[in-house]
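The structure appears right after this line, and notes come after that.
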Protein chains: 2
Amino acid sequence: MTAVSPAHDQPSIEPLATTELFAYLAECREMVLGEIRALMPTASRYRPILYDLMLEYPLRSAKALRPALCIAVCRALGGSLEGVLPSTAALELYHNAFLIHDDVEDGSLRRRDRPTLHRLHGVPIAVNVGDAMLALALEPLLANLRVLGLGKALRILQVVSRMARASAEGQAMELSWMRAGQWDLADPDYLRMVYKKTSWYTFVAPMLIGSIVAGAGDETLAVVRKLAACLGIAFQIRDDVLNLVSDPARYGKDLEGDLREGKRTLIVLHAMRTAGASDRRRAARILERRSPGRAHSASVRWLRRLIDDAGSIRHAERVAEAWATRARRHLEALATHTTPSVHLRTLVRLADFAVCREH
Amino acid sequence: MTAVSPAHDQPSIEPLATTELFAYLAECREMVLGEIRALMPTASRYRPILYDLMLEYPLRSAKALRPALCIAVCRALGGSLEGVLPSTAALELYHNAFLIHDDVEDGSLRRRDRPTLHRLHGVPIAVNVGDAMLALALEPLLANLRVLGLGKALRILQVVSRMARASAEGQAMELSWMRAGQWDLADPDYLRMVYKKTSWYTFVAPMLIGSIVAGAGDETLAVVRKLAACLGIAFQIRDDVLNLVSDPARYGKDLEGDLREGKRTLIVLHAMRTAGASDRRRAARILERRSPGRAHSASVRWLRRLIDDAGSIRHAERVAEAWATRARRHLEALATHTTPSVHLRTLVRLADFAVCREH
């Protein structure tokens, strides 16, 4: 089911067709890669071990969702492409730096269908490449002062600063639960963590920055912010679901990796709440084992059955749908601040995609 | 021997006495800690696993050399304390974030007389705390726009961006040598790495930022930059020497850790160049073993004898002295841009300390 499809509530904006969306995403991706390449020294002795590795994740089969969201919002609100491009490079650098560090922190094995960076090059090089990307990301944000003027450039820097901090706080919440072996968590705990960890840097910051570049007023910014928060939550829940139900041949990451890494997903938390005391203890023991590298074990199969029997995936899907409904309402409100355009239609389709994507 | 002591060349500026220097450093440290604490939320659910851990390294027996350099330069050039304090908080956050990530990258065991952060709390939490400190560091730099105005704030942001990138490039050089098992390195390779890895964030950035806050002109900035580069190199060589010759009871880090971590120091590179082919191969095998956690082994003792027999520590001290002499010349030039003050005397004493410190 789709979040914004005509079948449900006859929205006023027709979403972009899938082939058009892919073309739009591909075009944004090429532009942001060009922008990132332009930030790098052309001839540098650090290329093989630093600058080339910065492009390793972005060049894998990534959708470049964040730059596309940033560009689509900006242009839907009447902003210029040239004005927004430097910021998309910063967002993509931040995103991929976080991915590299997250993969180290989670001990993840695969990212976008290939081994994670720390498995290819070791933890030291991976941590350093991430740090260098965070450093490089400052440059386009400073260039914004020339391109956009002080007011907009400063507000964008403030959004990025808030984003980086929110992400670290969300990550800290999750890590503290893992360290304490804490499983008695309610859905609002998860939602708060995901708002910090996913919504802020995948939706809130890209969409706010696009709006700021376009010169949006406070009222529009407030709508964009609510829309982005809802989309981020729906997106992360869908991400959790896909980790369990994807076709292994098409899924680029570790299928059921969340179970082996002991992640507190809405799905697992529901299954834990629903299970009897002895099943709950057994599930916690399995989840605490945290063995990302191990083969698919009988324990994980048992856990998966527990989840299926409890209807936990369905529960997560229902929660995601509620957030998608809220997102749809905010999107309709945003549409009243714009004139119809391919960018607005892209935004509607991206919102749909965030909630309903198959991979 | 001291870099700027009256015994050697009767400098025009009398360095601060040791007790006065310690008082100056302690005062700067208290002020910068207060500034960092003010950036943190007072009541936060993330405190125990995020914000408290940010203060873990700064609260250990650190000298807060970077803030003191920044403040002393700024005030020696007539700048205000209030104007420079936010930037010192950013520098101290960057410095300690780099320390945390470096300790992870190097697998170091001890930092400032206690176990490293990743040993106390695990790699995931340590990497995340470092990222959060890099995020938090942006806030005082943005606050500079209000405090110092656009021109100075922007130039400071540019220095920080350049600093973060130089550090990552220096780290990448060292990591690439380690990965490739490369030992045929000349002193200029080492000096270039250290200029990137140490000079930039320990001396160049703090001293340039202090000068910018004070409103220094291009000529002064050029002198400060040369002075800082020379001091950074002399400082790092002294650091390498101390890693071998310190009193274990007073040295806060792993004594001879550079040998066990396979670091390319000026000392080791000299010993390798001086040794015969078979000793060189044996030394490389020992250094490649990289076993930071192992007890003091017979191999490391053999390596240490090789270094002593080659006079490599003396070679490093001679190189450091040459850079200290250059620093002294630039410091005398800088003095002509200022009027005498306790801050200038502090700077002279700090320059001396960088080169001659015993711990």
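The values are calculated or read from the model by the stated rules, or taken from the named source; none is laboratory data. In this text, all values refer to a predicted model and were calculated from it rather than measured experimentally. FYI the Cβ positions are ideal-geometry reconstructions off the backbone, even for glycines, and counts take in every protein chain you see. The accessibility values were calculated without ligands, DNA or RNA, using every heavy atom of the protein model including side chains. Shrake-Rupley method; radii C 1.70, N 1.55, O 1.52, S 1.80 Å.
Could you compute the net charge surrounding A:GLU92? Neighbours are other residues with a C-beta less than 14 Å from the C-beta of A:GLU92; K and R count +1, D and E count -1.
Here the charged neighbours net out to +2.
Could you sort A:SER161, A:SER278 by their accessible area in this structure, using a 1.4 Å probe and putting the largest first?
Of A:SER161, A:SER278, the descending order of accessible area is A:SER278, A:SER161.
Compute the FRET efficiency between A:ASP187 and B:LEU81 as 1/(1 + (r/R0)^6), taking r as their Cβ-Cβ distance and R0 = 51 Å, and round to the nearest 0.05.
So, using R0 = 51 Å, E works out to roughly 0.55.
Sequence gap at least 6, Cα distance under 8 Å: using those rules, report the relative contact order of the stretch B:28-126 to the nearest whole percent.
Taking the mean separation of contacting Cα pairs over the length of the stretch B:28-126, I get 29 percent.
Can you figure out the FRET efficiency of A:GLU20 with A:ALA43, using R₀ = 51 Å and their beta-carbon distance, to the nearest 0.05?
According to the calculation, E is roughly 0.85.
To the nearest 500 deg cm²/dmol, what mean residue ellipticity at 222 nm is calculated for the protein assembly as shown from DSSP H runs of n ≥ 4 alone, each contributing -39,500 (n - 2.57), summed and divided by the residues?
Helix contribution divided over all residues of the protein assembly as shown: -23000 deg cm²/dmol.
Under the definition of partner shielding as Cβ atoms of other protein chains within 10 Å of a residue Cβ, what is the mean value for peptide A:173-184?
3
Tell me the distances, shortest first, between A:LEU120 and the same position across the other copies, using label points 7 Å along Cα→Cβ, in nm to one decimal.
For A:LEU120, the other copies' label points sit at 3.5 nm, shortest first.
Across the residues of B:132-142, average count of Cβ atoms on other protein chains within 10 Å?
Going residue by residue through B:132-142 and averaging, the value is 5.
Can you give the local net charge around B:GLU35? Use residues other than it whose beta-carbon is closer than 12 angstrom to its beta-carbon, Lys and Arg +1, Asp and Glu -1.
Counting the neighbours of B:GLU35, the net charge comes to -2.
To the nearest 10 square angstrom, how much accessible area does B:ASP254 have with a 1.4 angstrom probe?
20
Using a label position 7 Å from Cα in the Cα→Cβ direction, what is the ascending list of nm distances from B:THR325 to the same site in the other copies?
Relative to the other copies, B:THR325 has label-point distances of 8.1 nm.
Over all residues in B:161-168, what is the mean tally of Cβ atoms on other chains that come within 10 Å of each residue's Cβ?
Whole-number average of other-chain Cβ neighbours for B:161-168 is 6.
Run the reach check for A:LYS63 against lysines, Cα to Cα strictly under 25 Å, same-chain hits fewer than 8 apart removed. What comes back?
Leaving aside lysines fewer than 8 places away in the same chain, those within reach of A:LYS63 are A:LYS196, A:LYS197, A:LYS226, A:LYS253, A:LYS263.
So what does B:THR42 come to for accessible area, using a 1.4 Å probe and Å² rounded to 10?
130
Can you tally the net charge around A:GLN158? Count Lys and Arg as +1, Asp and Glu as -1, for every other residue whose Cβ sits under 15 Å from the Cβ of A:GLN158.
Within the 15 Å Cβ shell, the charges total +4.
If amide H atoms are built 1.01 Å from N in the plane of the peptide, which residues on other chains or at least 5 residues away come under 5 Å of the amide H of A:THR116?
A:ARG110, A:ARG111
Return one number: the angle in degrees, 0 to 90 and rounded to the nearest 10, between the long axis of the Cα atoms of helix A:138-148 and the longest principal axis of the Cα atoms of chain A.
Long axis of A:138-148 versus the principal axis of chain A: about 40 degrees.
Sorted from shortest, what are the nm distances separating the label point of A:GLY217 from equivalent points in the other copies, each placed 7 Å from Cα along Cα to C-beta?
4.8
Taking the Cα centroid of the stretch B:192-210 and of the stretch B:13-91, what is the distance between the two, rounded to the nearest whole Å?
Computed from Cα coordinates, the inter-centre distance equals 17 Å.
For chain A, what is the relative contact order in percent, using Cα pairs closer than 8 Å and at least 6 residues apart in sequence?
26
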